[in-house]
Amino acid sequence: MSGSIVLLPDELIGKIAAGEVIERPASIVKELIENALDAGATDITVEMEKGGCEALRVTDNGSGIDPADAALAFERYATSKIYHFDDIYRVTSFGFRGEALPSIAAVTHTTLTTRKVENLSGVTIAVEAGVVTESREVGCPVGTSVSVSHIFANVPVRRKFLKSEKVEQGHCLDVITRIALAHPAVRLRVLTGGREILNLPAVSDSRQRIGLLLGGDFSDRMVLLQGNRGEMRIGGYCSQPELTRSGARQLFFYVNRRYIRDALLSHAVMTAYRQLIPARRFPAAALFLDMPSGDVDVNVHPAKMEVRFRHPREVYELVAGSLGRALSGLSPVSGLPEPDVFRGMSKTHAVRMEEALKRYTLQSESGKLSFDREKTEGGKDRFGKVDYADGVSPPVFSEKIETVDFADLDYLGQVDHTYLVFSSPKGLMMMDQHAAHERILFEKLRAASEAPSGRVACQSLLIPEVVSLTPREMALFEEFVDLFKDAGLEVEPFGGDTVVVKAVPAILDRTEPAILLSDLISDLSEAGRPASLSERRDRLFTFLACRGAVKAGHSLSAMEVKRLCQDLAGTPHPQSCPHGRPVWITLGLPELEKMFGRR
Ligand code: ADP
Ligand code: MG
């Protein structure tokens, strides 16, 4: 093949560029709603067919576009929002690159219908895969409506990468939720397949909207927070410490009303909650930071979800300080925040904060804020224990999988109420009590579900408990409800955004059903969508086993330890827990000898 250089045809350039911005239906929803907001709309309706994979429409009552300009809106780099290069650094509107409409139109069939209030008629323009196919005058309401169909029809690869309709719809709802939280004064309606699934009235106080979107239990238990430092301001709501979640999914951050993801802000929030909530639990919060646009660069990431702060330390201290005060019930003071959360901060935590700031600065300087998304979202260990991913390798004493004859073990005692220590003919053996119990429960659940009756034993609740879910949680719930039943968790729709829990798996009879359900759903939603039914069932059983298992930090009697060992001996795959962590490790006699210098 000759390697001659050719210019790419425009159409191809368009497709490539579109791929960067338009990843999935949710990206289209986001761009269209933001355009509506930029146009001053106070009423926005989003319609989706098949989770947004088939068709999408966003209709607004904003300013509309003049017929003379409408075709221009589909030209690349055509924008009404900046005129000079320097303006890029002073952006206050959402769009500013003039890329969204052309990018959407390059990979779909798009029809834009629009009218300005001063015009008697409007215009409709149809574009198919980047080519204008129709443009004519029409009668239509004031505002703009953009309909999109044949999504990615001309980009089969991207089409193939789409997940199920439910998952794509979930992403769309995530985008809508993020925007809705920041714009309480805008009425927002969402319809799927013609059915209204969300109707948020315009309200003056964001409290009402946050309560609606984050679920009923949150609205009763949220704390107002406010603070400022220099020209920076923060406001928002956070959850009371009793109300925790298993993941960081309910943490929403905004900078100048723009939703962002930021590891540093998450870190600051966890600092404030550090002593108030258990390890690996997360609060819910919607936090709005406002600062002069020169103090934040929103131009770092193509999807504009990451920003760069000019003064990260001040931001960190403002967030952690204001949250800390709000949580301790102190009234917000202006000026420098009282350093309550920093006072009495343990040395390790202070070090961790410094590391987070250093990491942030380094990454900002290298121009890419590549925070480990998986970790931040799943919230696993980012703020806890040693982060092995950071180059430290976990201590492994014995690599090969060994079999243990549990009858040969002498129980010596418990370390840190977590590890059971045994002497065995091969050396010293240490077992993680939680991991061991998890594996036992997991295999029990699996065996019960595979038995002819096919049902896991459950415990009916004396008083069924009503739980309210967010729109996204509701969609997931519908997807998993049958599996829940097989696992002994009986939950039924209860009208609107609520479900009722009637029974829980017998191994979990001591857990609070509402918390169990909301954690379960957030766990399932973070996992993405496992392919097969059995994978999904395993995921569900893993969660339940983890919940039912004896915790680390729990003291066990010798009798209980014995029982645990007996159960483990009769369990398949005893060497690891369902998450894949080891159940025991052995420090063999040869290793002991080496460590003591005998060899
Ligand atoms: P950007 O938002 O970055 O300017 P877009 O491609 O999203 O670029 O939109 C191009 C232009 O089309 C906008 O600058 C705006 O003038 C116009 N426009 C797009 N959507 C709307 C809308 N819903 N209402 C009014 N004008 C719109
Ligand atoms: Mg735009």
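Kindly list, by first and then second residue, each pair from a residue in the range 61-72 that is farther than 8 Å from Thr114 by Cα to a residue that is within 9 Å of ligand 1 (Cβ to nearest atom) and assigned to a helix (DSSP H, G or I), limited to pairs with Cβ atoms under 7 Å and residues at least 6 apart or on different chains.
Cβ pairs passing all conditions: Gly62/Ala36.
Name every residue in the range 449-471 that is out of contact with any Gly (no Cβ under 8 Å at 6 or more places or on another chain), among the small types (Gly, Ala, Ser) and surrounded by 15 or more Cβ atoms within 10 Å (Cβ to Cβ), in order of residue number.
Ser449
Does the range 80-98 contain any residue that is within 7 Å of ligand 1 (Cβ to nearest atom), at pLDDT 95 or above and under 30 Å from Ser204 (Cβ atoms)?
No, because not a single residue in the range 80-98 is within 7 Å of ligand 1 (Cβ to nearest atom), at pLDDT 95 or above and under 30 Å from Ser204 (Cβ atoms).
Outside the structural domain of Ser246 (by TED's automatic domain parsing) and farther than 28 Å from Ser460 by Cα: does that describe Ala549? Break it down stepwise before answering.
Details: outside the structural domain of Ser246 (by TED's automatic domain parsing): yes; farther than 28 Å from Ser460 by Cα: no.
When the stated conditions are applied, Ala549 does not pass them.
Matching residues to (1) in a loop (DSSP other than H, G, I, E, B); (2) open to solvent by 30 Å² or more (accessible area, probe 1.4 Å); (3) touching a helix residue (DSSP H, G or I) at 6+ places or on another chain (Cβ under 6 Å):
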site	(1), (2), (3)
Ala545	no, no, yes
Ala552	yes, yes, yes
Lys562	no, yes, no
Gln566	no, yes, no
Pro572	yes, yes, yes
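Out of the range 26-63, which residues are more than 13 Å from ligand 1 (Cβ to nearest atom) and of a type in the set (Asp, Glu)?
The answer is Glu47, Glu49, Glu54.
Name every residue in the range 100-110 that is assigned to a strand (DSSP E or B) and either within 12 Å of Leu32 (Cβ to Cβ) or out of contact with any strand residue (DSSP E or B) (no Cβ under 6 Å at 6 or more places or on another chain) (or both), in order of residue number. Walk me through it before giving the result.
Kept after step one, since they are assigned to a strand (DSSP E or B), are these residues of the range 100-110: 109-110.
Hit for the range 100-110 is Thr110, nothing else.
Check Met1 against each of (1) at pLDDT 95 or above; (2) part of a loop (DSSP other than H, G, I, E, B) and name the one condition it does not meet.
Single failed check for Met1: (1).
Being more than 16 Å from ligand 2 (Cβ to nearest atom) and under 13 Å from Gly143 (Cβ atoms) is the filter here, so list the residues in the range 32-58 that pass it. Give the derivation first.
As a first pass, look at the range 32-58 and keep what is more than 16 Å from ligand 2 (Cβ to nearest atom): 42-43, 45, 47-55, 57.
Passing the criteria: Thr42, Asp43, Thr45, Arg57.
The values are calculated or read from the model by the stated rules, or taken from the named source; none is laboratory data. Nothing here was measured: the structure is a model prediction, and the numbers come from that model. Note: ideal-geometry Cβ built from the backbone for every residue, glycine included; neighbour counts use all protein chains shown. Quick note on the areas: whole protein, heavy atoms, side chains included, nothing else; ligands and nucleic acids left out. Shrake-Rupley method; radii C 1.70, N 1.55, O 1.52, S 1.80 Å.
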